[in-house]
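In what follows, a structure is listed as structure tokens, so that the remarks can point back to it.
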Amino acid sequence: MILFSIARKRVLQVRQAAGAGADFESFLVDRFAVAGGRLDHEAARAIVDASGGSSYYAQQIAHELFNISTRPRWPEDLESAVATALAHQSPAFYFLWDSIKSRTQRRYLMAVAREGRTASRSALIERYGLTSASHVQKAVRQLDARGITEGGAIVDPMFALWLRGLAGRPSRRP
């Protein structure tokens, strides 16, 4: 019961602090200081960027970074913290990835993870071996319906990072 109260209070503090990127950066710097560590604003900004602005992922990355060092080295320790956060999320991401049976959907997700929202669909079709614009539209509609993408963009920023890492591994094919 006491732990729930503490967790609930921290979640509320983070939600209030996460209103804007700069405010959240200051929040992370302050939290490190309160816990006896030191985090500069550049590292805090990198945490917010890596998390895609998600307060949950920013907290997770910051927690992992604090576990590595109370005075982290830039950027090596941040890269390790992001990798550790991704490793914690990996089982859920593998489950999601394995639930996607369509080869077109998988290829589309890999393409968007690598290229981002700015790439044109015709360029993605050519570069990533997607069949046609109509196939891509169908894949996007289905991914949007499942909440994996929104308007064709990957919703979960850490899932996009994970997919970029997956692309380099030979064991799982898109």
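Selection within segment 1-45: residues that are modelled with pLDDT of 50 or more and touching an Asp or Glu at 6+ places or on another chain (Cβ under 8 Å). The member of this set that is surrounded by the most Cβ atoms within 10 Å (Cβ to Cβ) is ALA44. Quick one: count up the residues across segment 92-140 that are of a type outside the set (A, V, I, L, M), surrounded by 12 or more Cβ atoms within 10 Å (Cβ to Cβ) and assigned to a helix (DSSP H, G or I). Residues flagged as of a type outside the set (A, V, I, L, M), surrounded by 12 or more Cβ atoms within 10 Å (Cβ to Cβ) and assigned to a helix (DSSP H, G or I) within segment 92-140 amount to 16. Within segment 65-81, residues that are under 14 Å from ALA50 (Cα atoms) and free of Cβ contacts under 8 Å to residues at least 40 places away in the same chain have Cβ atoms under 9 Å from residues that are polar (S, T, N, Q) and not in a loop (DSSP other than H, G, I, E, B) in these pairs: LEU65/SER80; LEU65/THR84; ALA81/GLN60; ALA81/ASN67, counting only partners at least 6 apart in sequence or on another chain. With respect to (1) farther than 22 Å from GLY152 by Cβ; (2) in contact (Cβ under 8 Å) with a residue 24 or more places away in the chain; (3) assigned to a helix (DSSP H, G or I), the lone exception for ARG38 is condition (3). Within segment 108-155, track down each residue that is modelled with pLDDT of 90 or more, under 22 Å from GLY52 (Cα atoms) and of a type in the set (Lys, Arg). Passing the criteria: ARG114, ARG146.
The values are calculated or read from the model by the stated rules, or taken from the named source; none is laboratory data. Predicted model, so just to flag it, every value in this text is computed and none were measured. No Cβ is skipped: glycine too gets one built from the backbone with ideal geometry, and neighbour counts run over all protein chains shown.
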